[in-house]
Each structure stands twice: as C-alpha cells, then as structure tokens.
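Q: Mind looking over this structure? Questions follow.
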Amino acid sequence: MSQDLKGGTVEYIVESGIGYITFGHPQSNSLPGAVLRKLARTVEEAGDDDAVKVIIMQSLGNRAFCAGASFDELVGINDYDTGKTFFMGFAQVINAMRKAPKFIIIPVQGKAVGGGVGLLSAADYTFGTEHSSLKLSELALGIGPFVVGPAVERKSSTSTFAQMSIDFDWYSAQWAKDRGFYQEVFKSQEEMRSAAMDLANKLSKQSPEAMAELKKVTWSGTENWDILLEERAEISGKLVLSDFTKNYIRQFKSKK
C-alpha cells in the first residue's frame with residue numbers, strides 16, 4: 001500500500017522475484033525527509049527479502065524522475081541538527097542501495113536534479129530516455145552536492161562531478177550516457193521500461209549468491225561511506241542555514 005509521507009509516497013511490491021520500489025511526490029518527485037527515510041528502510045527491506053532476486057527502483061509519472069531535495073523542507077530548516085538530519089536522509093538511501101545484496105535497476109523517465117542524480121548514480125544499472133537530462137544545482141543554492149558526490153564520482157569520474165558541480169547547468173541524456181550515468185538511452189519510456197524489465201527478468205533467474213558476491217566486488221572501496229556521507233551531511237547541514245540559501249529558495253518559490 002502507498003503511505004502518505006508529507007505529500008509523497010513510497011510503495012513496495014514483489015512480483016516474480018522482482019522487488020518494485022516506487023516513490024513519488026506532486027512536486028516533480030521531490031524528496032522530503034520523511035520520504036527519504038522511508039525509501040532507505042524500503043531498500044533495506046527489499047535487500048533482506050528472500051522472495052526478491054533483483055530490485056527496480058522507479059518514480060511516479062511520465063515527466064521528471066526526481067527534483068531532489070524538497071525546497072519546502074529546506075526553507076524551514078533553522079538549526080544544524082535539523083539540517084544534518086535532513087541531508088542524512090540522502091546518505092541513508094545511498095548507503096542502503098550500496099549495501100543491498102541485490103542489484104538495483106533504475107529506469108529514469110525524465111529530468112533528475114541534485115539528490116535525484118545521487119539516487120540514479122547509486123544504482124547498479126541505469127536506463128534513461130532522451131529526456132533524462134541531469135543537473136547538480138546545489139551550488140546555486142549555496143550548499144554544494146556534498147552527500148551525493150561520492151556516488152556521482154563512482155558512477156562517472158571525479159572530473160565529471162567537478163564539471164557538473166561547478167557549471168551547474170543541464171546536461172543531456174546522451175552526454176550522461178557517454179560518461180557512464182546511463183547504460184542505455186531510449187527514444188521512448190516504453191522502450192526503456194521494457195529493457196529494464198527484460199534485464200530484471202533475466203537477473204531474477206540467476207544465482208542470488210553469485211549476484212551478491214558480484215555486487216560486493218563492484219562496490220569495493222566504498223566501505224567507508226557510512227562515515228564519509230555523514231561527514232558530507234554535516235557540511236550541508238551547516239550551509240543550509242545561510243541567508244544565501246534561504247533567500248535563493250524564497251526567490252525561486254516566488255517565481256513559480
């Protein structure tokens with residue numbers, strides 16, 4: 001069943017060995033803290049579920065994949081502990097995806113911003129469409145993409161992360177594919193979702209033990225991320241309190 005989480009939802013169902021985790025929010029699938037925490041717990045649940053051989057993580061709708069952090073929640077943060085707790089939500093989701101002993105496939109139907117780029121970067125296999133452009137907009141907010149940075153660097157490279165962080169403009173799906181964010185890019189969502197299902201069905205018939213060991217190998221070198229991502233959340237938790245950030249968000253929301 002879907003659960004209301006500050007306007008958002010996280011749904012988990014299992015069919016034929018595939019665990020489907022679907023999140024959504026009316027504001028372009030943005031992520032309030034409650035949704036992030038529920039998403040992390042759901043990934044852990046799917047990882048522990050013996051009925052699940054492979055996970056598909058997806059968002060609702062046919063447009064944006066994920067708009068990243070909820071601006072409504074960001075503008076209301078008034079102390080360091082609250083700020084750190086919010087950004088720890090992203091850390092918890094990424095670490096849950098990293099530790100899950102099952103491969104996670106993400107079909108990205110549209111644009112991904114900030115934390116949304118972090119989510120797709122933490123997937124083991126990612127599909128996109130021609131509309132699946134990417135943007136790391138955090139510097140414009142006065143924050144910086146600190147928590148998602150390690151996942152972005154692992155998915156692509158440090159130089160790509162630096163480029164996206166410093167020149168915080170939109171980058172096309174083809175550009176993203178060329179740099180490893182997407183394994184394949186399709187013209188339509190139907191083609192993309194069909195490819196994701198084909199891969200999930202194929203993986204659901206493979207050895208769970210072999211896939212778990214292979215996942216460990218592909219994530220080798222990230223064992224320090226529990227500490228690293230918490231340290232990054234602390235940086236963002238401090239910066240989000242600045243007048244620069246609050247003024248930017250207010251101006252952004254007033255234009256909508």
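Any read-out appearing in this document is the output of simple, stated calculations on the displayed coordinates, not a laboratory observation. Since the structure is predicted, the reported quantities are computational estimates derived from the model, not experimental observations. We place every Cβ from the backbone using ideal geometry, glycine too, and count neighbours over all the protein chains shown.
Q: Per q in 0.09, 0.10, 0.11, 0.12 1/Å, what log10 I(q)/I(0) does a Debye calculation on the alpha-carbon atoms of segment 9-188 return?
A: Log10 of I(q)/I(0), two decimals: -0.28, -0.34, -0.42, -0.50.
Q: Next question. Which value in nm describes the separation of the simple spin-label points at residue 206 and residue 218, placed 7 Å from the Cα toward the beta carbon?
A: 0.7
Q: By how many nm would the segment from residue 157 to residue 16 lengthen if fully extended, with 0.36 nm per residue of separation less the alpha-carbon distance?
A: 47.2 nm
Q: Would you kindly derive the ³J(HN,Hα) couplings of segment 109-126 from the backbone phi angles with the Karplus curve 6.51 cos²θ - 1.76 cosθ + 1.60 (θ = phi - 60°), listing them in order in whole Hz, with x for Gly and Pro?
A: Once θ is set to phi - 60°, the couplings for segment 109-126 become 7, x, 5, 10, 10, x, x, x, 5, x, 4, 5, 6, 8, 6, 8, 8, 10 Hz.
Q: Turning to a different aspect of this structure: Counting only DSSP beta bridges with both residues in the chain, tell me the antiparallel percent, nearest 5.
A: Roughly 30 percent of the beta bridges in the chain run antiparallel, per DSSP.
Q: Viscosity 1.567 mPa s, temperature 4 °C: Stokes-Einstein D of segment 163-232 from its Kirkwood Cα radius, in µm² per second?
A: Approximately 83 µm²/s, per Stokes-Einstein.
Q: Now, a different point. Report P(r) for segment 1-42: all Cα-Cα distances, bin width 10 Å, range 0 to the bin holding the largest distance, values in whole percent.
A: Using 10 Å bins, I get a P(r) of 31, 52, 16, 1 for segment 1-42.
Q: Tally Lys/Arg at +1 and Asp/Glu at -1 over every other residue whose Cβ is under 9 Å from the Cβ of residue 91; what's the total?
A: -1
Q: So which aspartates and glutamates can residue 215 reach, going by Cα to Cα under 12 Å and dropping same-chain residues fewer than 8 places off?
A: Candidates past the 8-residue exclusion: 124.
Q: Hey, another quick one. Under a plain spin-label model, where a point goes 7 Å from the Cα along Cα-to-Cβ, how far apart in nm are residue 41 and residue 251?
A: Here the modelled spin labels are 3.9 nm apart.
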